[in-house]
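This report refers to the structure that appears directly beneath it.
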Amino acid sequence: MAPSDPFGWVGATIGGKYRLDAVVGEGGFGVVYRGHHLGFDEPVAVKCLKLLGSLAPAEREAFQRMLLNEGRLLHRLSRASAGIVQALDTGAAVSPSGEWTPYLVLEWLDGAPLDHDIAARRARGGAARPLAEAIALLAPAAHALEVAHAQGVAHRDIKPANLFLTDIGGRRTLKVLDFGIAKVLGELSSMTQAMAETGSALRAFTVHYGAPEQFHQRFGATGPWTDVFALALVLIEVASGSRALLGSDVTQLYIAATDPAFRPSLRGAGVSAPEAVEAVLRRALAVEPRERYRTAGELWGALEAAMAAAVASVALAADATVSAPPTHAALPPPEPAPPVAPLTTMGGITASAPPPGAPPPGSLPAAPAAAAAGAARRRGLLLAVVSAVALAAALGAGAVAFFQHRAPDDALPARAGGGLTAPPAKAPPPPEMVRVPAGRFSMGSAKGGKSERPPHEVTLTRAFDLDRTEVTVAAYQRCVDAGRCTPSGLHGPRASDADVEQRGALCTAADPAKAQHPISCVDQGQAAAYCAFVGKRLPTEAEWEYAARGVDGREYPWGNEPPGCAHAVVSRPAGQGCGAIGKGTQEVGSATAGASPSGALDMAGNVWEWVADGWDPGAYAKGAQTDPQVPATGSKGVLRGGSWDFSASTAKSTFRLAFDREAGDVSTGFRCARTVD
């Protein structure tokens, strides 16, 4: 059945510049139109939200502000990651049918949502994707979510309908849709009871992909860990062809999500999977949020590391058990999947019903005899190797670096007696990182500025690894070359053309001789994108200060004495040598006497360092806190550590600088962290 046009917008212009040409999809909370930007002469998608006409004027104004804020957030995230659909505009207008209509303008994508792809495969006879292919397919979505998670932002409605298959530069990839919509709907539900009383209340998540904390608040707050749960469910569905949470109503789905006895698994869905991969998914689908991976990046790093370890184990086992190498005839080429009919749709709302599906696949049959079991084992070894080759091909050259840096320590299984065993004890940090143990410290300073007061006790419950030095120009360039980071350069809402022309040459990437200097002229989103690229994240503000000063309350990373040339690269009066005004950065790690208690270098001076938090000048007034992090949803973020063009007083470990999150200046850089479990 063709979607309707309840607003009567087809053929009309909304916002004075978007002509709405056709309805391409309709869902419970919105209608998506194919539009045309009259100024740019390009197609756009316009999502108009429904069921809001009953809001009072004050509630309409509040809702529109909220939608604008979420649109801004989506715009920032999409600038940091190509895996997130771009938000172009927001607004509200009275439709031709007379209904008040808030709307969101998004980039137009040609392709199809992932749920259509899954349904089409079912309709062709239940041909689900191989596990390695499923992991590779979902990797762009995991990377995109990691960029958001690194900034403390969660999606809260990850599902196949919100993952869009499209082609970019001739390469099939996924884009994440509807960032912020779940939050908007959640806020709307609490804004007014009128909708609930009339039976038109909108659920802020999809029950088939809901985490326990979304069903009931007794499980705690939602957050990035909520997306981890949903992403694991989506992986099982992509690999099996059937939904992972089983239930015919909300009550049954609540039980499936919250009862430890009902944990979904690949094997339970009929997918042959290494035990190491199943262990990763068990953790991702833990009922208690604190037991899950912290971010999508941690989950995907663990999955890919588990697959790599399984491949290594299979290769060794195959070498020992298969006496002769197979001929080419023993490995027929995989049958290509028929193409999915492209849909022109947006926002997870589709133009037509998905094709009818076949019953979900059952469990794998058992081998009837020992001989058959041996043959099946050999076939399984070969199929696993083929699957590994497919994974390596899909991941490309960056896979080695991804496995090396992205995986949490406990994701790497140990071999014992030729099989996969439980994860080993925590491995030491890689050479380029330092280990910071969990602990308690006093954050802030009674002698500092207003935003540094009052000192308060902070408890960090999890150990973490921190880059020993700031990220270099050369390292950042590798991310740019891979298409995962945007080039650095002087930019920001207040950066004029004259600023760029006069000061842009001071950006470290502009000088070929500064490959080992810290990257500068990056904003918070660019920093988060790089950290996600290498399987890490930005440190929280509390983690950064704890790593910089330890537990003894020192003013600087090395102690309480003012910085000398061997301690830090900061601005000094002319004639004092190192770090004199205008001299610029030095190679990372040059100031060896400035090491922090954890062994990190350059935590004072060289370049300012972005942390994951948003700016809250009153955050310290809340008293003692555990694992604090201010969500990075406002316009300002936090820089720490001072820089080459600021005085030594700003290099104190407690000094906080508010800075526009979308700005990259000549002295803004960063380092990355990762959680140790």
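The values are calculated or read from the model by the stated rules, or taken from the named source; none is laboratory data. Computed from a predicted structure; not experimentally measured. Cβ coordinates were reconstructed from backbone atoms using ideal geometry, including for glycine residues, and neighbour counts include every protein chain displayed.
Listed values, structure above:
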| quantity | calculated |
| --- | --- |
| Top-ranked residue in the range 490-513 [being in contact (Cβ under 8 Å) with a residue 60 or more places away in the chain and part of a loop (DSSP other than H, G, I, E, B); ranked as nearest to E587 (Cα to Cα)] | C507 |
| Residue ranges of helices (runs of 4 or more DSSP H) in the range 168-284 with at least 3 members modelled with pLDDT of 80 or more, small (G, A, S) and more than 12 Å from R156 (Cα to Cα) | 224-240, 275-284 |
| Qualifying residue in the range 104-116 (condition: closer than 30 Å to T675 by Cα and not aliphatic (A, V, I, L, M)) | no |
| Test: residue in the range 514-525 that is part of a loop (DSSP other than H, G, I, E, B), within 18 Å of the chain's Cα centre (by Cα) and on the phi > 0 side of the Ramachandran plot | no |
| Residue within the range 239-248 that is over 24 Å from D465 (Cα atoms) and among the charged types (D, E, K, R) present | yes |
| Sole residue being at pLDDT 80 or above, within 30 Å of P631 (Cα to Cα), in contact with a Ser or Thr (Cβ under 6 Å, 6 or more places away or on another chain) and not in a loop (DSSP other than H, G, I, E, B), chosen from L104, L109 | L104 |
| Hits in the range 24-40 - residues which are under 20 Å from P6 (Cβ atoms) and either free of Cβ contacts under 8 Å to residues at least 40 places away in the same chain or outside any strand (DSSP E or B) (or both) | G27, G28, F29, Y33 |
| Residue identified as assigned by TED's automatic domain parsing to the domain that holds A308, of a type in the set (K, R) and under 30 Å from E237 (Cα atoms) among R79, R129 | R129 |
| Verdict on P487 being at negative phi, assigned to a loop (DSSP other than H, G, I, E, B) and under 25 Å from the mean Cα position of the chain (by Cα) | yes |
| Test for D627: is it in the same structural domain as V534 (by TED's automatic domain parsing) and within 30 Å of H155 (Cβ to Cβ) | yes |
| Residues being in contact with a Lys or Arg (Cβ under 9 Å, 6 or more places away or on another chain) and polar (S, T, N, Q) - total across the range 128-171 | 2 |
| Near pairs, Cβ below 8 angstrom, 6+ apart or cross-chain, from the range 72-96 (within 14 Å of Q151 (Cα to Cα)) to any residue that is hydroxyl-bearing (S, T, Y) and surrounded by 19 or more Cβ atoms within 10 Å (Cβ to Cβ) | R79/T486; A80/T486 |
| All positions within the range 437-462 that are surrounded by fewer than 16 Cβ atoms within 10 Å (Cβ to Cβ) and touching a Pro at 6+ places or on another chain (Cβ under 6 Å) | A446 |
| Positions within the range 144-170 being out of contact with any Ser or Thr (no Cβ under 7 Å at 6 or more places or on another chain), surrounded by fewer than 24 Cβ atoms within 10 Å (Cβ to Cβ) and either of a type in the set (S, T, N, Q) or within 15 Å of G535 (Cα to Cα) (or both), in sequence order | none |
| Any chance S445 is touching a Ser or Thr at 6+ places or on another chain (Cβ under 9 Å), hydroxyl-bearing (S, T, Y) and closer than 18 Å to S596 by Cβ | yes |
| Count of residues meeting criterion [modelled with pLDDT under 95 and assigned to a strand (DSSP E or B)] in the range 547-558 | 0 |
| Residue check, P43 in a loop (DSSP other than H, G, I, E, B), touching a Gly at 6+ places or on another chain (Cβ under 9 Å) and on the phi < 0 side of the Ramachandran plot | no |
| Residue match in the range 631-653 (condition: within 16 Å of E452 (Cβ to Cβ), among the β-branched types (V, I, T) and touching a Ser or Thr at 6+ places or on another chain (Cβ under 7 Å)) | no |
| Output for the range 256-294, where each listed residue is within 16 Å of E213 (Cβ to Cβ) and polar (S, T, N, Q) | T258 |
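Here is a yes/no grid of residues against (1) touching a residue at least 24 places away in the same chain (Cβ under 8 Å); (2) under 22 Å from W9 (Cβ atoms); (3) among the aromatic types (F, W, Y):
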residue: E42; (1), (2), (3): yes, yes, no
residue: L68; (1), (2), (3): no, yes, no
residue: T101; (1), (2), (3): yes, yes, no
residue: A123; (1), (2), (3): yes, no, no
residue: L131; (1), (2), (3): yes, no, no
